[in-house]
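S.K.: Structure in structure tokens, see below.
Rule-based calculations on the coordinates, nothing more; no lab input. Predicted model only: the values in this text are computed from it and were never measured. Please note: Cβ atoms are built from the backbone with ideal geometry, for glycine as well, and neighbour counts cover all protein chains shown.
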Amino acid sequence: MLRRLLIAAACLLLSVQLGAAQNTVKGKISIWLGYPETLEAFKLGQVEFRKKYPNVEVEILTFELREFEAKLAVSVPAGSGPDILALHDFIFPRYYEGGNLAEMPADLAKDVNDPKIIDPVFRDVLTRDGKPWGMPWWSGRNGLFYNIDHLKAAGLDGPPKTYAEVWQYAEKLTQKNEKGELTRAGISLRLTGPSGGTQKFGYFYYQLAGEQMFEPGKKPGTVRVTIAQHIDAAARVLLDHVEHLHGPKKSDDWALKHDAQGFASGAAAMFMRESWVIPFVKKNGPDIKFGVVPVPHDKAWGAFNNLEILSVNKDSKLQAAAWDFIRILQDQAIVNNVLEGSGWVPIRHDRDYGAVLAKEPRFAEMTTPPAGLTLYIEAPNVAYEEMTTRVGEVIQNAFRDASLVGNLDGAKKVMMKAHETAVKILKDNGNYSE
Amino acid sequence: MIPKSGNRFSDKIMRKENSDEAPPRGALAARYVDFRDSIKRDHLLWVVLALGPIFALFCIIRVYPILETIRLSFYRYHPTQRNRPFVGLDNYWRLLEDDSFRTALTNTLQFCVMAVIITLTLAFLVAVLLRSIEKAAPVYELLLYIPVVTPWVPASVIWKWIFDPIHGILNYGLSFLGIPKLAWLQDEHVIIYAIVLVSVWKMLGYFVVVYGVGLRNIPDELLEAAELDGATAWQRLIYIVIPMMKPIILFTVIIATIIFFNVFAPVYVLTASAQGAPAYDFKVVIGEIYQNAFVFYRMGYAGAQSVALLIFVLMLVMIQFALFRDRRGRADV
């Protein structure tokens with residue numbers, strides 16, 4: 001009994017000591033965000049953090065995504081970046097390879113390495129030399145969004161389930177005026193913005209090829225290009241795009257409003273995007289009745305994921321406090337706020353999102369992937385932006401080429417050019433993998 | 001005794017000059033004389049002191065970045081990578097086989113030629129017309145000048161709405177003329193005209209004012225004499241006005257070429273936000289430099305592109321100087 005009392009007293013003393021130590025920490029933690037929609041969650045974290053660290057000021061700045069990336073690229077290597085690095089998966093390698101990331105505390109690393117908490121697909125992206133270098137926080141998982149009224153009016157019972165059905169449904173859902181001009185896209189395709197375009201083209205490619213166009217290579221940070229290996233699938237996807245942009249099957253047009261804006265305004269009956277679209281459409285198209293389902297499959301069934309990673313700057317003077325802030329961001333109330341407020345999907349399996357799902361059941365498609373759906377993530381590498389931009393330019397230029405309709409050989413040539421473009425850039429950057 | 005000329009202004013000057021010779025009185029005046037004498041004695045020192053800070057600032061914000069850009073162009077420089085090797089002329093060789101840069105250069109050249117010719121021709125015609133309504137001209141010049149002081153970004157955003165293929169006012173207006181809807185920013189063949197239109201609208205007022213100043217400096221006597229000799233308005237324009245305006249025209253051609261060759265903001269804004277309102281990815285040279293430097297972080301390669309742009313624009317300016325040289329073989333400025 002006495003022994004237990006002594007242990008309890010020692011624990012109490014230790015916790016008081018620790019609390020006192022946190023109280024004595026002084027300084028400022030700075031956080032920069034490229035996704036301002038998660039600001040509210042960080043502010044919630046800030047309130048909790050100040051309770052633990054009353055003498056540490058927290059500065060949270062938000063920027064436009066590209067501006068954020070540029071500021072990080074210039075400031076972090078110079079030792080003047082923020083303390084907490086909220087890194088997207090494709091910019092993560094820059095800072096790992098630049099030696100800018102602080103070592104992760106053991107308890108957080110243990111969470112990352114626990115497959116019951118974090119899906120290994122996310123762990124692998126940020127693990128180097130057997131150690132994780134950040135806490136994966138949320139992901140953008142794609143799905144097919146469909147307008148319930150448009151489908152009903154076209155006599156369709158439910159959303160398409162297969163790759164082939166997507167195109168058939170698109171043709172049925174397309175609306176034209178008396179002049180033959182499209183007034184509504186059956187499916188809003190990603191026709192511009194080459195880097196994002198490559199990603200969205202990949203949504204289709206994965207289902208036919210069974211893997212991504214750019215898979216992780218043998219060594220971390222390297223990339224294997226798969227287009228030549230799956231040239232038939234690649235050409236099929238390109239042809240399906242071209243044939244639904246020109247000619248009798250035309251289901252989309254450059255002149256229409258696109259993407260989430262197009263969908264929220266009723267200018268598109270279907271499109272594929274990530275979960276942030278749910279709050280976006282609720283806000284910007286309150287009259288639109290919509291549903292969301294996992295992406296339709298073909299021989300494979302995979303959902304694209306992008307990932308937000310929380311790391312600490314190696315040059316931070318308050319590394320322990322910064323990691324504590326990251327611990328706080330794992331709280332139930334905060335991850336709920338991320339899901340509900342921004343639509344990005346928190347990825348911890350050991351949290352209960354029931355409260356948010358009760359309010360918005362459509363998030364369930366994203367938080368609870370159905371059995372058989374593979375989650376995949378792009379191969380992070382330092383040449384990501386350049387490679388996806390240049391490949392996207394090749395593909396999106398081909399979308400405009402009506403002579404490719406029914407021209408399988410022509411489509412194969414285009415996709416081989418895309419393959420070679422990617423290989424050349426990767427080789428030039430030294431991260432090409434056979 | 002200062003002789004009076006009868007002209008109050010020249011008398012004042014003469015009094016001032018005369019007062020310079022007379023010894024000023026008092027301590028303050030003595031200091032002033034010392035100061036004046038020191039300026040005369042150490043003229044060079046004073047020039048250096050006066051211009052030194054400006055020159056230093058110019059070196060820091062202009063010369064140093066240019067030299068640093070040239071230096072970077074010989075390196076493979078990624079800001080987040082520790083290895084930044086010297087690559088010699090590799091970045092320049094890469095330019096030769098870069099399809100995107102070639103497309104951007106061709107697009108920029110086409111845009112620049114169209115924008116310079118249309119802007120300057122229109123500006124000249126408007127300036128000539130305004131000269132015939134001398135009293136009302138300042139009002140029109142002011143109206144035309146408003147777009148010049150409007151920043152590029154908001155101006156381009158407004159034009160983006162105007163160009164909207166479905167809801168835009170431009171297509172709506174053209175529909176009354178029976179012209180079918182045009183995808184101004186989405187059609188790869190039309191977008192260049194949309195960007196030219198915005199650029200001409202934006203810069204026209206500036207060149208109207210410049211030409212207006214030039215036209216006002218042509219002596220009326222010359223034009224009246226020609227009219228008395230029976231010269232028609234067209235002949236007066238061709239044989240008197242344009243030759244007299246040659247230095248101004250050379251100035252405007254060079255300035256317009258530099259402005260339009262550096263086009264970026266309108267292209268960036270008109271084609272940005274591609275997700276909701278897609279636009280054709282119209283490549284221009286500055287856009288390529290921006291993308292390589294701040295999206296791909298290929299600073300060295302972007303440096304090489306910048307140097308290539310500098311050389312190209314310099315060559316264009318030199319060609320323009322050569323074309324506008326007068327018969328005596330000197331630049332007519």
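S.K.: Using only the alpha-carbon atoms of chain A, report the extent along each of the three principal axes, biggest first, to the nearest angstrom.
M.R.: 85, 49, 39
S.K.: A follow-up question, please. Suppose we keep just the DSSP beta bridges with both residues in chain A; what percent of those would be antiparallel, to 5? Could you put the intermediate results ahead of the total?
M.R.: On the way: 30 of 46 bridges.
Once the DSSP bridges in chain A are tallied, antiparallel ones form about 65 percent.
S.K.: Give me the orientation-averaged projected area of the Cα convex hull of the stretch B:90-323, in nm², one decimal.
M.R.: Values: hull surface 63.1 nm².
Convex hull of Cα atoms, orientation-averaged projection: 15.8 nm².
S.K.: Just tell me the longest site-free run in chain B, where the sites are GluC sites (Glu not before Pro) in a DSSP loop having at most 12 other beta-carbon atoms within 10 Å. Can you show the working numbers first?
M.R.: Numbers: sites that count: B:GLU97, B:GLU134.
Of all site-free stretches, the longest is B:135-333.
S.K.: To test your reading of the geometry: what angle, between 0 and 90 degrees and rounded to tens, separates the Cα axis of helix B:191-216 from the longest principal axis of chain B?
M.R.: The helix B:191-216 is inclined about 10 degrees to chain B.
S.K.: Let me ask something else. Evaluate the charge dipole of chain A about its Cα centre and quote only its size in Debye, nearest 20, assuming +1 on the Cβ of each Lys and Arg and -1 on the Cβ of each Asp and Glu. All intermediate terms of the calculation are to be shown ahead of the outcome.
M.R.: Details: 51 positive and 53 negative charges, 107 e Å.
That gives a dipole near 520 debye.
S.K.: Based on the Cα atoms of the stretch A:202-282, what semi-axes does the equivalent ellipsoid have, where each is the square root of 5 times one gyration tensor eigenvalue, given in whole Å with the largest first?
M.R.: Values: eigenvalues 167, 78, 14 Å².
Taking √(5λ) for each eigenvalue gives 29, 20, 9 Å, largest first.
S.K.: If Lys and Arg each add +1 and Asp and Glu each add -1, what is the summed charge of the other residues whose beta carbon sits under 12 Å from the beta carbon of A:ILE117?
M.R.: Working: positive: A:LYS110, A:LYS116, A:ARG123, A:ARG348, A:ARG351; negative: A:ASP107, A:ASP111, A:ASP114, A:ASP119, A:ASP350.
Computed value for this residue: 0.
S.K.: Please report the antiparallel percentage of DSSP beta bridges with both residues in the protein assembly as shown, rounded to the nearest 5.
M.R.: Working: 31 of 47 bridges.
In the protein assembly as shown, approximately 65 percent of DSSP beta bridges are antiparallel ones.
S.K.: Ok, one more. Set the bar at 25 Å for Cα to Cα. Now go through A:LYS28/A:LYS71; A:LYS257/A:LYS282; A:LYS71/A:LYS110; A:LYS110/A:LYS314 and name every pair that lies beyond it. Spell out each step's value before the answer.
M.R.: On the way: A:LYS28/A:LYS71 19 Å; A:LYS257/A:LYS282 18 Å; A:LYS71/A:LYS110 31 Å; A:LYS110/A:LYS314 20 Å.
Table pairs above 25 Å Cα-Cα are A:LYS71/A:LYS110.
S.K.: Based on the alpha carbon coordinates of the stretch A:351-409, what radius of gyration and maximum Cα-Cα distance (Dmax) apply, in Å?
M.R.: Just the Cα atoms of the stretch A:351-409 yield Rg and Dmax of 19.5, 52 Å.
S.K.: Please give, to one decimal in nm, the separation of the simple spin-label points placed at B:TRP161 and B:LEU49, each 7 Å out from Cα toward the Cβ.
M.R.: Here the modelled spin labels are 5.6 nm apart.
S.K.: Mean shadow of the protein assembly as shown, computed from the convex hull of its alpha carbons, in nm²? Don't skip to the end; give the middle numbers.
M.R.: Details: hull surface 207.4 nm².
That works out to 51.8 nm², a quarter of the Cα hull's surface.
S.K.: Also: Scan chain A and note any complete DSSP helix (H) whose C-alpha atoms cover at least 30 Å along its axis and whose Kyte-Doolittle average is -1.0 or more. Walk me through the numbers before you get to the answer.
M.R.: On the way: long enough: A:2-24 (33 Å, 1.10); A:408-429 (32 Å, -0.37).
Helices meeting the criterion: A:2-24, A:408-429.
S.K.: Just rank B:PHE321, B:PHE55, B:PHE261, fewest to most, by other beta-carbon atoms within 10 angstrom. If you can, show how the numbers build up before the last one.
M.R.: Details: B:PHE321 15, B:PHE55 12, B:PHE261 22.
Going from least to most buried by this count: B:PHE55, B:PHE321, B:PHE261.
S.K.: Continuing with the same structure: Pull up all non-local amide H partners of A:PHE290: gap of 5 or more, or a different chain, and H-to-H distance under 5 Å with H placed in the peptide plane.
M.R.: For A:PHE290, the qualifying residues are A:ILE148.
S.K.: In terms of Cα to Cα distance under 26 Å, which lysines are near enough to A:LYS299, apart from those fewer than 8 places away along the same chain?
M.R.: Result set, ordered by chain and number: A:LYS161, A:LYS172, A:LYS200, A:LYS218, A:LYS249, A:LYS250, A:LYS412, A:LYS413, A:LYS417.
S.K.: Further question on the same structure: Any idea what angle helix B:8-21 forms with the longest principal axis of chain B, computed on alpha-carbon atoms, 0 to 90 degrees, nearest 10?
M.R.: Result, in degrees: 70.
S.K.: Using Cβ contacts closer than 10 Å as the measure, can you line up A:THR62, B:THR119, A:THR162 from fewest to most? Please report the intermediate quantities before stating the final value.
M.R.: Values: A:THR62 17, B:THR119 24, A:THR162 13.
Least crowded to most crowded, the residues run A:THR162, A:THR62, B:THR119.
S.K.: Now a separate question. Can you count the Lys pairs in chain B with C-alpha separation below 23 Å, eight or more apart or on different chains? Don't skip to the end; give the middle numbers.
M.R.: Working: B:LYS4/B:LYS12; B:LYS4/B:LYS16; B:LYS16/B:LYS40; B:LYS160/B:LYS181; B:LYS160/B:LYS202; B:LYS160/B:LYS283; B:LYS202/B:LYS283.
Qualifying lysine pairs in chain B: 7.
S.K.: By how many degrees, between 0 and 90 and to the nearest 10, does the Cα long axis of helix B:27-41 differ from the longest principal axis of chain B?
M.R.: 60
S.K.: Binning at 10 Å from 0, report for the stretch B:23-72 what percent of all alpha-carbon pair distances ends up in each bin.
M.R.: Result returned by the calculation: 23, 26, 22, 15, 10, 4, 0.
S.K.: I've got another one for you. Order these by the 10 Å Cβ neighbour count, fewest first: B:VAL295, A:VAL391.
M.R.: Values: B:VAL295 17, A:VAL391 28.
In order of increasing Cβ crowding within 10 Å: B:VAL295, A:VAL391.
S.K.: For n ≥ 4 DSSP H runs only, could you compute -39500 (n - 2.57) per run for chain A, divide by its residues and tell me the 222 nm figure to the nearest 500?
M.R.: Values: 18 runs with 192 residues, N = 434.
Rounded to the nearest 500, it is -13500 deg cm²/dmol.
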